[in-house]
Amino acid sequence: MLVDTHCHILPGIDDGSPDIATSTKMLEMERKQGVEKIMLTPHFYLSHESLDKFLDKRARAIEKFAPVADQLGIEAKYGAEVLYTKSLADIDLSKLCIGDTGYMLIELPYQRLTSGFINEFRSFAGGLSPDIRLILAHAERYLNYTDEDSIYEIMNTDMLVQLNCGDFKMFSKHSGFMYDLLRHDLAHLLGTDAHNTSSRPPDMNIAEKAISKKISPRCFQKLNHNAEKVFDGRAV
Ligand SMILES: [Fe+2]
């Protein structure tokens, strides 16, 4: 049984699934790949909308989505992929954690991560309630904007680190970095970050095959075991 820690399958809430028909297809794709537990993490941008407005919108999407997930035998927990901004420190972040856990998925801005930004982020992370633990979304994607060292520095903030399954596909420009993280036990979770059924589909099996071959089946199992712990709100 596999666990997806990051996806945009909730319908009509962000740039992911536009409607319940697409969400149903995406859930069926997940199920075929052996995924039975999913953390639904729609984008939350505090600069665009208030926390209450986002939670209302998410509640309406869940009403449509939950019965379908149930029917397909998929256990769901609802959170968000929260874009970092300094003013996050002023809102109740427990409402953005995944289900009843203290884990919150955070995404960094797509820019060069300067030492000024890294210091600011460190002070934000250090000031969080001890009940909240951050998960850095798709650590490899920031390589398009910044250097490896700056990502390593950000990761030094006692966060869990999530990688995107699709970035393990053959000839991926980020795979060297991702395998290095896995070999040094610096990445902890996999997520599909699925947005649709075509260009960004649920693709857990790409990561399963690539990691099992390049590192070991055991490494993949450990990542999945960590995801189960996060889903249950246990410590990783
Ligand atoms: Fe995402």
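Here the 3J(HN,Hα) profile of segment 123-134, calculated from phi with Karplus coefficients 6.51, -1.76 and 1.60 at θ = phi - 60°, is 6, 4, 5, x, x, 6, 4, x, 6, 9, 10, 7 Hz, Gly and Pro shown as x.
Candidates LEU160, MET104, THR24 compared by Cα position along the dipole of the chain: farthest toward the positive end lies THR24, with charges placed on Cβ.
For the chain, relative contact order (Cα pairs under 8 Å, six or more residues apart, normalised by length) works out to 22 percent. The alpha carbon radius of gyration of segment 61-179, expressed as a multiple of 2.2 N^0.38 Å, is 1.19.
With Cα atoms as the point set, the radius of gyration and Dmax of the chain evaluate to 16.7, 48 Å. Counting only Cβ charges, +1 for Lys and Arg and -1 for Asp and Glu, the dipole size of the chain around its Cα centre is about 580 debye. Residues in the chain average 45 Å² of solvent-accessible surface per residue, probe 1.4 Å, ligands and nucleic acids excluded. Tell me the carbon and sulfur percent of the accessible area for the chain, rounded to whole percent, probe radius 1.4 Å. Roughly 49 percent, rounded to a whole number. For segment 1-47, pairs of C-alpha atoms spaced more than 14 angstrom apart make up 50 percent of the total. When only alpha carbons are used to place a centre, segment 154-198 and segment 123-148 end up 13 Å from one another.
When only DSSP loop residues count, what chymotrypsin sites (Phe, Trp or Tyr not before Pro) in segment 170-204 have their Cβ near at most 16 other Cβ atoms within 10 Å? When the chymotrypsin sites (Phe, Trp or Tyr not before Pro) of segment 170-204 are filtered for loop state and at most 16 Cβ neighbours within 10 Å, PHE171 remain.
The values are calculated or read from the model by the stated rules, or taken from the named source; none is laboratory data. Nothing here was measured: the structure is a model prediction, and the numbers come from that model. When we count neighbours, we look across all protein chains shown, and the Cβ atoms used for this are built from the backbone with ideal geometry, even at glycine. Ligands, DNA and RNA are excluded from the accessible area calculation, which covers all protein heavy atoms including side chains. Shrake-Rupley method; radii C 1.70, N 1.55, O 1.52, S 1.80 Å.
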